[in-house]
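Quick one: this structure, given as structure tokens, is what I'll be asking you about.
The values are calculated or read from the model by the stated rules, or taken from the named source; none is laboratory data. Owing to the predicted nature of the structure, the values given are computational and were not obtained by experimental measurement. Every residue, glycine among them, receives a Cβ derived from its backbone with ideal geometry; neighbour counts consider all protein chains shown. SASA here: full protein model, heavy atoms, side chains in, ligands and nucleic acids out. Shrake-Rupley method; radii C 1.70, N 1.55, O 1.52, S 1.80 Å.
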Amino acid sequence: MKILVTGAAGFIGSKISFLLSQRGDEVVGIDNINDYYDVRLKHGRLAELGIEKPAGDFEWNTPYTSSKFPAFKFIRMGIEDKSQLDNLFAAEHFDKVINLAAQAGVRYSITNPYAYLTSNLVGFLNIIECCRNYPVKHLLFASSSSVYGLNTKAPFSEEDKVDAPVSLYAASKKSNELMAHSYSKLYGIPATGLRYFTVYGPWGRPDMAPMLFADAITHGRPINVFNNGDMIRDFTYIDDIAFGSIQCLDQPPVAEECPNNVPFRVYNIGCSNPVRLMDFINEIETAVGQPAEKIMKPMQPGDVYMTNADTTRLEQEIGYKPKVNLHEGIANFIEWYKSDKNPLR
């Protein structure tokens, strides 16, 4: 099976690439390695995949073969580059595609809106056009729990309305779902969207709460606690997210089993065991071994009070079942954070 993974230097993309390569799939990973956050983290993730950064930097549109997995290669490429993406699809004849490349971050979308239109809309259109022109057996793509926006019903179900986003990031992810559905209907492309809930663990993004909190506490700096700590998040460990994503990849939707005979499905993928922000902070304090100085702040624009995944559909149709609880997951994360593997330590 030959699989394209976009966003392969990202948090989720690198883990999925590792697991697919480990089980013997032929994987091509692409990433533009942008500087939205410290690129040392992206280089470190690639090194885990056997792709060492060359002197200087990675050349654009040039394949690098893994020293760990002979069937894995990495190419520095952005999904916004339509001509290079076309060339890649024409040359590789992918069986399946996992699109994880996107401009991430809710708060960043408030100040940098055009980055989201370029990557999350134009880039995604390029991906689904390539899947049309060079037919694939399954397109799996990242959506987000942020699409639930102002929804107050809990837990969040795939049947809930998602027409009240509170950030451009959320709007772009809902747009991806609509775009993929239209291509599934028009061209019969089996497509699955995964609404990822808050993901954490080793190699996580430095702009997310776990890394921000661990870094501040470790270095004796105060942490910002938004909405005065009155927030709830469905934190999900990276291994559960990656294994669940691959389970979905292996089970493409079948038109006859989907609404209106369109081979398209959307799933929540989370832990279904949401925790209060203050309890999450307490777990990090315990694992680090020192208390945090907390600065209470109001809710930030684009944030929501709660995320809570109903994963019943994913469990029943795909067989997904998360295994790592918060205590174990935070312990694993802090162990990595303190280790020499963490390039930002």
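Being more than 20 Å from Val147 (Cα to Cα), open to solvent by 20 Å² or more (accessible area, probe 1.4 Å), small (Gly, Ala, Ser) and not in a loop (DSSP other than H, G, I, E, B) is the requirement here; does Ala287 meet it? First the steps, then the outcome.
Values: more than 20 Å from Val147 (Cα to Cα): yes; open to solvent by 20 Å² or more (accessible area, probe 1.4 Å): yes; small (Gly, Ala, Ser): yes; not in a loop (DSSP other than H, G, I, E, B): yes.
So Ala287 fits the description; yes.
Please find, within the stretch 253-284, the residue that is most open to solvent (accessible area, probe 1.4 Å) out of those that are of a type in the set (A, V, I, L, M) and part of a helix (DSSP H, G or I).
Our first condition is that a residue be of a type in the set (A, V, I, L, M); within the stretch 253-284, this holds for 254-255, 262, 266, 269, 275, 277-278, 281, 284.
Filter again for part of a helix (DSSP H, G or I), leaving 255, 277-278, 281, 284.
On the way: Ala255: 25, Leu277: 19, Met278: 64, Ile281: 1, Ile284: 0 Å².
Checked the stretch 253-284; the qualifying residue most open to solvent (accessible area, probe 1.4 Å) is Met278.
Further question on the same structure: Quick check on the stretch 174-181. Is at least one of its residues touching a strand residue (DSSP E or B) at 6+ places or on another chain (Cβ under 7 Å), modelled with pLDDT under 95 and not charged (D, E, K, R)?
no
OK, next. Going through Gly329, Gly319 one at a time, which residue ends up being open to solvent by less than 50 Å² (accessible area, probe 1.4 Å), within 23 Å of Ser146 (Cα to Cα) and not charged (D, E, K, R)?
Matching residue, one of Gly329, Gly319: Gly329.
Out of all the residues in the stretch 156-167, is one or more aliphatic (A, V, I, L, M), in a loop (DSSP other than H, G, I, E, B) and touching a residue at least 40 places away in the same chain (Cβ under 8 Å)? Even if it seems obvious, please write down each step before you answer.
Going through the stretch 156-167, the residues aliphatic (A, V, I, L, M) turn out to be 162, 164, 166.
When the remaining residues are screened for being in a loop (DSSP other than H, G, I, E, B), the result is 162, 164, 166.
With the extra rule that they be touching a residue at least 40 places away in the same chain (Cβ under 8 Å), the set shrinks to 166.
The answer is yes; a qualifying residue exists.
Any residue that is acidic (Asp, Glu), touching a residue at least 60 places away in the same chain (Cβ under 8 Å) and surrounded by 15 or more Cβ atoms within 10 Å (Cβ to Cβ) - is there at least one of those in the stretch 292-302?
For the stretch 292-302, residues acidic (Asp, Glu), touching a residue at least 60 places away in the same chain (Cβ under 8 Å) and surrounded by 15 or more Cβ atoms within 10 Å (Cβ to Cβ): absent.
While we're here: Quick check on my filter: what residues within the stretch 168-203 are of a type in the set (A, V, I, L, M) and either closer than 17 Å to Tyr108 by Cβ or part of a helix (DSSP H, G or I) (or both)?
Leu168, Ala170, Ala171, Leu178, Met179, Ala180, Leu186, Val199
Could you check the stretch 8-33 and list, in sequence order, the residues that are open to solvent by 30 Å² or more (accessible area, probe 1.4 Å) and over 23 Å from Asp239 (Cβ atoms)?
Asn32
Does the stretch 234-252 hold any residues that are touching a Lys or Arg at 6+ places or on another chain (Cβ under 8 Å) and open to solvent by 20 Å² or more (accessible area, probe 1.4 Å), and which are they?
Correct list: Asp239, Pro252.
Here's another thing I want to ask about it. Hey, can you tell me all the residues within the stretch 323-345 that are in a helix (DSSP H, G or I) and among the acidic types (Asp, Glu)?
Selection gives Glu328, Glu335.
Under the condition of being farther than 24 Å from Cys271 by Cα and among the aromatic types (Phe, Trp, Tyr), which residue from the stretch 155-213 is most open to solvent (accessible area, probe 1.4 Å)?
It comes out as Tyr187.
In the stretch 123-149, which residue that is assigned to a loop (DSSP other than H, G, I, E, B) and more than 22 Å from Met208 (Cβ to Cβ) is least open to solvent (accessible area, probe 1.4 Å)? So that I can check it myself, show each step before the final result.
Filtering the stretch 123-149 down to residues assigned to a loop (DSSP other than H, G, I, E, B) leaves 134-137, 149.
Within this subset, residues satisfying the condition of being more than 22 Å from Met208 (Cβ to Cβ) are 134-137.
Numbers: Tyr134: 75, Pro135: 104, Val136: 17, Lys137: 118 Å².
By that ranking, first place goes to Val136.
I would also like to ask the following. Report whether or not Tyr36 is open to solvent by 60 Å² or more (accessible area, probe 1.4 Å) and either touching a residue at least 60 places away in the same chain (Cβ under 8 Å) or part of a strand (DSSP E or B) (or both). Spell out how you get there, then give the answer.
Values: open to solvent by 60 Å² or more (accessible area, probe 1.4 Å): no; either touching a residue at least 60 places away in the same chain (Cβ under 8 Å) or part of a strand (DSSP E or B) (or both): yes.
When the stated conditions are applied, Tyr36 does not pass them.
Quickly run through the stretch 83-122 and pick out the residues that are part of a helix (DSSP H, G or I), surrounded by 21 or more Cβ atoms within 10 Å (Cβ to Cβ) and modelled with pLDDT under 95.
Correct list: Ser109, Tyr116, Ser119, Asn120.
Can you tell me how many residues within the stretch 101-143 are of a type outside the set (A, V, I, L, M) and more than 22 Å from Leu88 (Cβ to Cβ)?
Looking only at the stretch 101-143, we keep the residues that are of a type outside the set (A, V, I, L, M), and these are 103, 105, 107-109, 111-114, 116, 118-120, 123-124, 126, 129-135, 137-138, 141, 143.
From what is left, the residues that are more than 22 Å from Leu88 (Cβ to Cβ) are 105, 107-109, 111-114, 116, 143.
Number of matching residues: 10.
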